[in-house]
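The values are calculated or read from the model by the stated rules, or taken from the named source; none is laboratory data. Computed from a predicted structure; not experimentally measured. For neighbour counting, all protein chains shown are included, and Cβ atoms are generated from backbone atoms with ideal geometry for every residue, glycine included. Protein only, heavy atoms only, side chains kept; ligands, DNA and RNA dropped before computing areas. Shrake-Rupley method; radii C 1.70, N 1.55, O 1.52, S 1.80 Å.
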Amino acid sequence: MATVSADRIALVTGANRGLGRETARQLAGLGIHVLIGSRDVDSGEATVGQFEEQGLAATAIALDVTDPESARSAAGEIGRTHGHLDVLVNNAGMIVEASAAELTAAEIRTVCEVNLFGAVTMVREMLPLLRHSEHPRIVNVSSTTASLSLTAAGTDFGGDAAHRIAYSVSKTALNMLTLQYARAFAADPQLAHIKINMVTPGYVATDMNRGQGSRTVGEGSGIIVKFATIGDDGPSGEFHNDRGPVPW
């Protein structure tokens, strides 16, 4: 029988470094018990150790979002320990750099396994736990480069647009996925209390882009934390950055 925790519980995927770790740190700073989802268990444990030194509550959990069995195992562990999940942040991501002339279907598929299908797997496995929360929130970390309108207008997002095609495609698909979830949840009385949104942190300097971003992880994670903790009167199925709605 599950031991139901009175604390709010948040799971952040890819939380052992960069944007994910800072998001987890900020959530923990709000008094939320954060589960550090990471493929590298040792790195996840090291992150927990750093948080505990700051007086923050966190637990490492082994998690590979591309492996349904790993996600299922993590859900089982969370269920046995906490009995529910209040916040799911789908942060884990990857990029493959290739020009349009060189890009292969296999490369797009590899990126989508993490950025798109990984989110599907996490929502699928964590949904039973989110149902048991009074105020469940799902935040899918997208990208400004996912905006069809801004891309068509020739917006300069920073970085090398010619070589991040697979990444942008995966994030655009993630946006549509999030919107479809939001509409489906709203139509289901048993899921209507779940708010799911997509947010973009902007061009953040991380290991994934070799530190080339113009924003810090502290700046980028703010919008993620905001939507992970929005009130019941907040939106669902929307795409935002820290300045407001982002055009589709």
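Points to keep in mind about this one:
- Cα shape, region 142-248, gyration tensor, a/c 1.5 rule: prolate
- Shown is the FRET efficiency for Ala100 and Leu148, computed with R0 = 22 Å from the Cβ-Cβ distance and rounded to the nearest 0.05: 0.85.
- Ranking by accessible area, most exposed first, for Lys171, Lys226 with a 1.4 Å probe: Lys226, Lys171
- Separation in nanometres of the label points that stand 7 Å from Cα toward Cβ, at Glu77 and Asp188: 2.6 nm
- Taking amide H atoms as placed 1.01 Å from N in the peptide plane, the amide H of Ile196 lies under 5 Å from those of Ile138, Gly237, each 5 or more residues away in sequence or on another chain.
- Unit charges at the beta carbon, dipole of the chain: most positive-side option, Leu63, Gly154, Ala119: Gly154
- Per residue accessible area of the chain, 1.4 Å probe, in Å²: 46 Å²
- Taking the protein heavy atoms of region 1-152 in the context of the full set of protein chains, the accessible area attributed to carbon and sulfur is 51 percent at 1.4 Å.
- Of all DSSP beta bridges confined to the chain, the antiparallel ones make up roughly 5%.
- Whole-Hz Karplus values for region 70-81 come out as 5, 5, 5, 5, 4, 4, x, 5, 5, x, 5, 8 Hz, taken residue by residue from phi with 6.51 cos²θ - 1.76 cosθ + 1.60 and θ = phi - 60°; glycine and proline positions read x.
- Centre separation in Å (Cα based) which lies between region 4-64 and region 105-175: 21 Å
- Rolling a 1.4 Å probe over the protein chains gives Arg137 an accessible area of about 0 Å².
- Shape of region 1-98, Cα gyration tensor, a/c cut at 1.5: oblate
- Volume per residue for the chain equals 122 cubic angstrom (convex hull of Cα atoms).
- Taking the Cα centre of the chain as reference, the dipole from Cβ charges on Lys and Arg (+1) and Asp and Glu (-1) amounts to some 420 debye.
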